[in-house]
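Chemist: Below you'll find the structure I mean.
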Amino acid sequence: MIVVTGVTGQLAQLTVNHLVERVPAAEIVGTSRTPEKAAGLPVAVRAADFDNPDSLVSVFDGADALLIVSLHPLPERARLQANAINAAAKAGVAHVVYTSFSRAGEPGNPVSVVPDHRLAEQALLQSGMTFTALRFNMWPEMLLMMGTAQRAVASGRLLSNSGAGGVAYVTKDDCAATAAAVLAGGTNKGELLEVSGPSAVTDSELASVLAEVTGRPVAYEAVSDEEFAGALAADGLPDRFAQALAANGVARRNGWYETTTHAVERLTGRPATPLADFLTAHRTSLLAT
């Protein structure tokens with residue numbers, strides 16, 4: 001049995017869809033606090049809540065493989081994920097796969113989401129269970145969700161404080177396909193596996209890709225950290241988001257997102273999606289502003 005948590009979320013749903021291409025659907029179980037919202041999935045979905053460890057133990061019991069999809073950033077994330085890991089240990093799960101973040105275990109990594117992922121990886125190590133940490137690089141979906149790409153296309157300017165630092169963008173679907181391959185094949189046990197796109201893309205290169213995809217001029221404009229945060233705030237972003245994006249730009253400038261691997265192609269048998277292909281598939285939304 002393979003168990004996938006959080007199946008009302010996009011990454012988990014994509015993973016389930018890839019899994020059913022590899023193993024019978026009857027061997028897959030999804031979990032959710034609100035299973036009724038996952039009624040369209042082709043697998044059984046059971047109620048389980050990271051804030052209710054007993055519910056997790058009962059669902060995880062007998063699992064040959066378990067995918068713990070990391071929670072969205074929230075104050076209780078570290079505690080809730082520890083609950084899931086402890087429940088997996090109590091249930092005797094044979095192989096735990098956890099969705100982590102690029103270079104999460106490295107001292108000095110300044111990316112804001114890293115501390116909770118580092119704690120989860122440490123908890124898995126201390127649990128004694130066999131586990132795999134999938135350290136995903138940044139999703140290009142974030143460029144759309146945060147409005148970065150749309151603002152650049154609409155204004156004709158891509159403001160950036162990231163300098164020559166690149167990002168090895170890896171799509172959610174490629175991440176899901178990789179997770180499915182590891183779960184179904186029982187591979188990469190004991191590994192802290194960096195999962196990335198095919199190349200590290202700088203913001204200067206991103207501006208060129210946006211222009212090519214949309215047919216609109218997009219100029220790259222380097223600015224200071226303060227100017228970048230100020231411009232985002234002027235565009236209506238709450239100050240805390242503006243400051244967080246500016247800090248992320250510093251992390252990119254210092255090379256924390258540049259790690260590139262061939263894990264996607266090696267494990268799934270298909271090449272990782274180039275950023276240009278992803279943005280081309282979302283051209284309509286880029287031009288909607």
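Chemist: When a/c reaches 1.5 or more, the comparison of a/b and b/c decides; with that in mind, is the stretch 226-289 rounded, prolate or oblate per its Cα gyration tensor?
Modeler: oblate
Chemist: To continue, here is another question. Counting DSSP beta bridges in the chain, what percent are antiparallel, to the nearest 5?
Modeler: Among the beta bridges of the chain, antiparallel pairing accounts for roughly 5 percent.
Chemist: What number comes out for the charge environment of Arg252, summing +1 per Lys or Arg and -1 per Asp or Glu over other residues with Cβ under 14 Å away?
Modeler: Net local charge, Arg252 excluded: -2.
Chemist: Taking only DSSP H segments of four or more residues, each worth -39500 (n - 2.57), what value at 222 nm results for the chain once the sum is divided by all its residues, to the nearest 500 deg cm²/dmol?
Modeler: Per the formula, -13000 deg cm²/dmol.
Chemist: With N residues in the stretch 92-233, what two-decimal value do you get for its Cα radius of gyration over 2.2 N^0.38 Å?
Modeler: For the stretch 92-233, the normalised Cα radius of gyration comes out at 1.24.
Chemist: Long-range amide H contacts for Arg157: which residues qualify at under 5 Å (H placed 1.01 Å from N, peptide plane, sequence gap of 5 or more or a different chain)?
Modeler: Ala219
Chemist: From the gyration tensor of the Cα coordinates in the stretch 44-132, what semi-axes in whole Å does the equivalent ellipsoid have, largest first, with each one equal to sqrt(5λ)?
Modeler: 23, 14, 10
Chemist: Translational diffusion coefficient, Stokes-Einstein: compute it for the chain using the Kirkwood radius over C-alpha pairs as Rh, at 25 °C and 0.890 mPa s, and state it as an integer in µm² s⁻¹.
Modeler: 124
Chemist: Give the peptides 13-21, 224-232, 69-77 in descending order of average Cβ contacts within 10 Å, highest first.
Modeler: 13-21, 224-232, 69-77
Chemist: Oh, and also: Lysines near Lys172 by alpha-carbon distance under 29 Å, same-chain residues fewer than 8 away left out - which ones?
Modeler: Within the straight-line cut-off, Lys172 pairs with Lys37, Lys189.
Chemist: Next question. Could you give the distance between the Cα centres of the stretch 40-100 and the stretch 123-193, to the whole Å?
Modeler: Centre-to-centre (Cα) distance: 20 Å.
Chemist: A follow-up question, please. With every protein chain present, what is the per residue accessible area of the chain (1.4 Å probe, Å²)?
Modeler: 43
Chemist: Next up: Which distance in Å, rounded to a whole number, links the C-alpha centroids of the stretch 196-219 and the stretch 233-282?
Modeler: The distance from the Cα centre of the stretch 196-219 to that of the stretch 233-282 comes to 12 Å.
Chemist: For every other residue with a beta carbon closer than 14 angstrom to the beta carbon of Ala181, add +1 if it is Lys or Arg and -1 if Asp or Glu, then tell me the sum.
Modeler: So the environment of Ala181 carries a net charge of -1.
Chemist: Let me ask another. Over the Cα atoms, compute the radius of gyration (one decimal) and Dmax (the largest Cα-Cα distance, rounded to a whole number) for the stretch 183-289, in Å.
Modeler: Using the Cα atoms of the stretch 183-289, the pair Rg, Dmax is 17.2, 49 Å.
Chemist: Take the alpha carbon gyration tensor of the stretch 99-141, find the square roots of its eigenvalues, order them as a ≥ b ≥ c, and report rounded if a/c is under 1.5; if not, report prolate when a/b exceeds b/c, else oblate.
Modeler: It comes out oblate by the Cα gyration axes.
Chemist: With a/c under 1.5 counting as rounded, go ahead and sort the stretch 109-180 into rounded, prolate or oblate using the C-alpha gyration tensor (a ≥ b ≥ c being the square roots of the eigenvalues; past the cut-off, prolate if a/b is larger than b/c, else oblate).
Modeler: prolate
The values are calculated or read from the model by the stated rules, or taken from the named source; none is laboratory data. Computed from a predicted structure; not experimentally measured. Every residue, glycine as well, gets a Cβ built from its backbone with ideal geometry; the counts of neighbours run over all protein chains shown. In case anyone asks, the SASA skips ligands and DNA or RNA and just uses the protein heavy atoms, side chains included. Shrake-Rupley method; radii C 1.70, N 1.55, O 1.52, S 1.80 Å.
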